[in-house]
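Everything below concerns the one structure shown next.
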Amino acid sequence: MSPRSPRENPQETISAATSGDDIAPPPNTRRSFLQRGSAGIAAALAAGSAGNVWATGAPGADTNQVRLPLIQDPDTEQKEQTPDANLPPDDRVGYAVVGLGRLSLNQILPALSHCKYSRPAALVSGDRAKALKVARQYGIADTDVLDYQRFERLADNPRIQVVYIVLPNGMHKEYTLRAAKIGKHVLCEKPMATSVADCQAMIDACRRAGRKLMIAYRSQYEPMDRMIAKMVRENKLGPLREFVAGNSQNVGDPTQWRLNKALAGGGALPDIGLYCLNAARFLSGEEPLDVIASVHKPDGDPRFVEVEESVQFILRFPSGLTATCMSSYASHESRFFRLQGSQGWVEMDPAFGYNGLRMRHGMLVDGKSATTELQIDPQDQFAREIDHMSVCVKNDITPHTPGEEGLQDQRIMEAIYESARTGRVVKIARLAASTRGPDPHEETF
Ligand code: NAD
């Protein structure tokens, strides 16, 4: 092991026991002292050991035992990664990616290739030529490329531990049940499924099989979102009052599965409105009591024959917080939220995206309203999310966003549709406990 620097050991002090003899300090102590640099020395001297400070090599130094005060400055230097920060490839959790569409090709496979604990191990696709090409890019053996009919052959390879389902929403249940049956853990894209009954069946199947089920709520693994949730837990915003959020985009191709009720479960709400809903719950740490909503399905637009174009809903929470959310498939791309408390607010704009996220914080400073922008080194949300699943598999812990988290969102989405249909406020059943597992262990990311 390399020697520890003083800052790595905050308890370290510099001392020299003397009895009046002119003895030299122990060599490592001398080195430590010099490593602190002149600023550290000045700080130590100024910090009040006056008349009792011994400085290396200083003629006439006090020879009593001395203890320099600890250097308290936070360490902002970039740390070198420890050599064991990443698992060797053979020890990583192997993932079978099911469905090779946009999300798998553009985000998930690239993220898997720079995870710390996870690796791509198999592909399941209806297009073998495409899948073989992709497999070669990621070092996956041809024998680990399967089609949907031969999905169960994943059981033959024990190095595939997790099945990552990246299919249209209406297929999530079938592939979760099939994965659980062959003894694989499941990471399933959002929305979890297209009905409460299907979500429950997925939870039950994984529980019966003793396998883990995690829903890929990537924003819950994104550092800015996590910072905001922590600020709320630490009451930095005061009591929460309002949450306002929007997630909209234009959808073009009228033939795509996202506009098909059976495959998508709904329109803008389950696909992108879900981000607003889940953020309201995750960031506040509260569960809504009821909801009032409206949906819009324009006549004559071939895109919105089966599913809604847009949705607006207001959730009420036990503390008095309200969440006003909107989502549209026919608006220019716009993704944002603002969470207001009595003593401050935080907003992200853009929010919910894969990158380019920005966060601002409003607060009182010396009685004046002040605003600051916080920037955090961008990180791959998908890699963090996938590695969290791997940590859960390796250490046998419940994922932070388990099936119950997806089930609760599905319950609320069904209440939103019911409210829009009836024009009434719809109550949401109280939960006995939070749907979330322990917070991800930040230090493992
Ligand atoms: P996509 O249309 O690009 O890909 C879907 C894949 O499923 C394709 O490879 C397609 O061939 C395959 N497929 C198999 N059977 C199909 C069928 N009957 N009909 C249509 N396609 C079929 O979709 P996508 O954008 O990759 O989305 C996949 C899933 O990922 C969805 O559940 C979606 O909600 C989710 N998603 C999540 C995020 C996120 O940020 N977490 C982002 C985008 C999509």
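Computed extension gain for residue 376 through residue 301, at 0.36 nm per residue and net of the alpha carbon distance, reaches 22.9 nm. All other residues whose Cβ lies under 12 angstrom from that of residue 128 are scored, Lys and Arg at +1 and Asp and Glu at -1, for a net of 0. The residue list 351, 428, 399 was ranked by how far each Cα lies along the charge dipole of the stretch 290-445 toward its positive end, using unit charges on Cβ atoms, and 428 comes out on top.
Amide H contacts under 5 Å for residue 163: 96, 185, 186, 187, restricted to partners 5 or more places along the chain or on a different chain, H placed in the peptide plane at 1.01 Å from N.
The residues neighbouring residue 170, those whose beta-carbon lies less than 10 Å from its own, together hold a net charge of 0 under the Lys/Arg +1, Asp/Glu -1 convention. Judged by the gyration tensor of its Cα atoms, with axes a ≥ b ≥ c, the stretch 332-432 is oblate; a/c meets the 1.5 cut and b/c is at least as large as a/b. Loop-located GluC sites (Glu not before Pro) across the stretch 174-268 with a Cβ neighbour count of 14 or fewer within 10 Å are 234, with loop assigned by DSSP. Computed extension length for residue 322-residue 78: 83.8 nm, one decimal, from 0.36 nm per residue of separation with the Cα-Cα distance subtracted.
Hey, how many Å between the Cα centroid of the stretch 388-410 and the Cα centroid of the stretch 179-226? One Cα centre to the other: 7 Å.
Under 10 Å from the Cβ of residue 266, count the other residues' Cβ atoms, weight Lys and Arg +1, Asp and Glu -1, and hand me the total. Its environment carries a net charge of -2. Using the Cβ-Cβ distance between residue 253 and residue 424 with R0 = 30 Å, the FRET efficiency computed as 1/(1 + (r/R0)^6) comes to roughly 0.30.
Using a cut-off of 31 Å between Cα atoms, the listed pairs 236/394; 133/190; 190/427; 79/368; 184/427 include 236/394; 79/368; 184/427 as exceeding that distance. Placing dummy labels 7 Å off each Cα toward the beta-carbon, the span from residue 85 to residue 433 is 3.5 nm.
Coordinate-derived values only; no laboratory data. Since we're looking at a predicted model, the values are computed, not measured. Methodologically, a virtual Cβ is constructed for each residue, glycine included, from the backbone with ideal geometry; neighbour enumeration extends over all protein chains shown.
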